[in-house]
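Rule-based calculations on the coordinates, nothing more; no lab input. These figures come from a predicted structure and were not determined experimentally.
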Amino acid sequence: MGFEPVDSAILWLLGASGVLAVALFVIKGLLDQVPDIAESWHRAKHAVRGQDRSDGDDS
């Protein structure tokens, strides 16, 4: 007893929708982290610039 073509197509659709759901979940998770990464980047730039200025002011 083998799979009929309709059964095979249904399995492919279920598998593809599962993969798509996981891919969208991962992409959403990555995009949710972008604002935090950008904020950290700006804070690091400001800290380095502030540190460079204070080193120049002390000497």
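The 3J(HN,Hα) values that the Karplus relation (6.51, -1.76, 1.60; θ = phi - 60°) gives for the stretch 26-35 are, in residue order, 5, 5, 4, x, 5, 5, 5, 8, 4, x Hz. Gly and Pro appear as x.
Computed on the Cα trace of the stretch 1-40, the radius of gyration divided by the Kirkwood hydrodynamic radius gives Rg/Rh = 1.41.
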